[in-house]
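What follows is a short report on a single structure.
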Protein chains: 2
Amino acid sequence: MSKGKAAGNVVFIGSKPVMSYVLACITQLNEGNQKLILKARGRAISRAVDTAEIIRHRFVTDAVIKEIIISTEQIERSEGGTANVSAIEITISKKK
Amino acid sequence: MSKGKAAGNVVFIGSKPVMSYVLACITQLNEGNQKLILKARGRAISRAVDTAEIIRHRFVTDAVIKEIIISTEQIERSEGGTANVSAIEITISKKK
């Protein structure tokens, strides 16, 4: 996976507090981006859902959830072998 | 929210191990149900995604993710007042 803006308005949700991701998303939307993709894996999935819900209910009320995709990704373990981890992609877009 | 079968093939995902929910879902699908809804709130959201992914990749390969809805629910706090919590509903159905 590539990082941040280069990948076309993708915000990767990790283990920071929800509000730091909310802020990152609002910044992107205010810069004129009409579309935003939140990506998360494993336990960060619920944080991605929180982020999307807080954005559209509290801060950017003209934003809508366009699409939600779930998938399984393979991760290389440091001790060798691979592990499966669930992932989510939430696409948010602004109403025109 | 109502519980279990009465609500039309709804499985509520909580804090048990993922495999117990996978088993509950497989049982429902094998009883002839063509549709199944997984519901989860808060931190159990990532477990619901895990459950759906394990079912369709490992056990019921003719199952597809039909719809994913995220929302915000209000919960009554025991010390009074309400708290907002994110929720997810994943609809799984079998290919005909």
- Message: For the protein assembly as shown, what does the helix formula give at 222 nm: sum of -39500 (n - 2.57) over DSSP H segments with n ≥ 4, over the residue count, nearest 500 deg cm²/dmol?
- Response: -7500 deg cm²/dmol
- Message: Need one word for segment A:7-94: rounded, prolate or oblate. Basis is the Cα gyration tensor (sqrt eigenvalues a ≥ b ≥ c); a/c below 1.5 gives rounded, then a/b vs b/c decides.
- Response: prolate
- Tell me the distances, shortest first, between A:Ile75 and the same position across the other copies, using label points 7 Å along Cα→Cβ, in nm to one decimal. 2.4
- Task: Keeping to pairs on different chains or 8 or more places apart, tell me how many lysine pairs in segment B:7-94 have Cα atoms under 15 Å apart.
- Result: 5
- Message: For A:Phe59, place a label point 7 Å from Cα along the Cα-to-Cβ direction in every copy; what are the distances to the other copies, in nm, shortest first?
- Response: 3.8
- Task: Taking chain A as the reference, fit the longest principal axis to its C-alpha atoms, fit the long axis of helix A:18-30 to the helix C-alpha atoms, and give the angle between the two in degrees, 0 to 90, nearest 10.
- Result: 50
- Query: Between A:Pro17 and the same site in the other copies, what are the distances in nm, shortest first, taking label points 7 Å from Cα along the C-beta direction?
  - Reply: 3.6
- Query: For peptide B:32-40, how many partner chain Cβ atoms fall within 10 Å of a residue's Cβ, on average?
  - Reply: 0
- Message: Angle check, please: helix A:45-54 long axis (alpha carbons) against the longest principal axis of chain A (alpha carbons), in degrees 0 to 90, nearest 10.
- Response: 0
- Message: Nothing charged except the Cβ atoms of Lys and Arg (+1) and of Asp and Glu (-1): what's the magnitude of the dipole of segment A:7-94 about its Cα centre? Round to the nearest 20 debye.
- Response: 160
- Rounded to whole Å, how close does chain A get to the rotation axis onto B by Cβ? Give me the residue too, please? A:Ile68, 2
- Query: Using 7 Å Cα-to-Cβ label points, what is the B:Thr61/A:Thr27 separation (nm, one decimal)?
  - Reply: 4.5
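Read-outs: derived from the displayed coordinates by stated rules, not from any lab. In this text the structure is predicted, and so the values were computed from the model without any measurement. Positions of Cβ are backbone-derived with ideal geometry, glycine not excepted, and every protein chain shown enters the neighbour counts.
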